[in-house]
Structure formats: structure tokens, C-alpha cells
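This report refers to the structure that appears directly beneath it.
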Amino acid sequence: MARYTCKWCGSSSRELLYLTNGRCSRNPHTKQHEPMNATEELSRYSCKWCGTSSSNPLSLTCGQCRNSPHPNKAHELLG
Ligand SMILES: [Zn+2]
Ligand SMILES: [Zn+2]
């Protein structure tokens, strides 16, 4: 079954609309959740900028990214 995960904050939902209708506190561009391309639950999530990885997207995105080019230093999930 598909699962949509926000690449900025790690929130996930089985309903794409539920995810995209919500506000995202970590997306530096639109302030809305932005789903990853991957629509399956992954065994491991990693950050596009610093390479930090975790099996839990929520615990990965709550930290600060040392390599992020964005002012809010948010990790961005790869995939
Ligand atoms: Zn989000
Ligand atoms: Zn990062």
C-alpha cells in the first residue's frame, strides 16, 4: 500500500491529499508538506545534503542539517 512521506518534516500518510493539504513547519520554500517521490515505506531514510540516515524519518528531520543550503537548516529526505 502506498505511503506518502514529506521530505522536509518526515510526516507521512496513506492519503496524498491529507499530506499535501497540511502546513509544513520545515519546508523552506512553500511552508507546505512536499511528498517524496518514493511512495512506499522505506527501511532507511537519508538526507540529501548531509547523508545522515535513520529508519525513522521523523527523528531524522527534527535535527539541524550542517550542509543544508537553506536558511532554516532543514534536512531534506532523499528519494
Ligand atoms: Zn512536511
Ligand atoms: Zn541533512
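What follows is calculated from the coordinates using simple rules that are stated; it is not laboratory data. Quick caveat, the model's predicted, so the values are computed rather than measured. Cβ atoms come from the backbone with ideal geometry, glycine included; neighbour counts cover every protein chain shown.
What to note about this one:
- Taking amide H atoms as placed 1.01 Å from N in the peptide plane, the amide H of R3 lies under 5 Å from those of E40, E41, each 5 or more residues away in sequence or on another chain.
- Sum of -39500 (n - 2.57) over DSSP H runs of 4+, divided by residues of the chain (222 nm, nearest 500): -3000 deg cm²/dmol
- Relative exposure of L17, L42, judged by other C-beta atoms within 10 Å (fewest first): L17, L42
- Computed lengthening from C62 to L16, 0.36 nm per intervening residue step minus Cα-Cα distance: 14.4 nm
- Radius of gyration and maximum dimension Dmax of the chain, Cα, Å: 11.4, 35
- For L77, the residues 5 or more places off, or on other chains, whose built amide H falls under 5 Å of its own are W8, K48.
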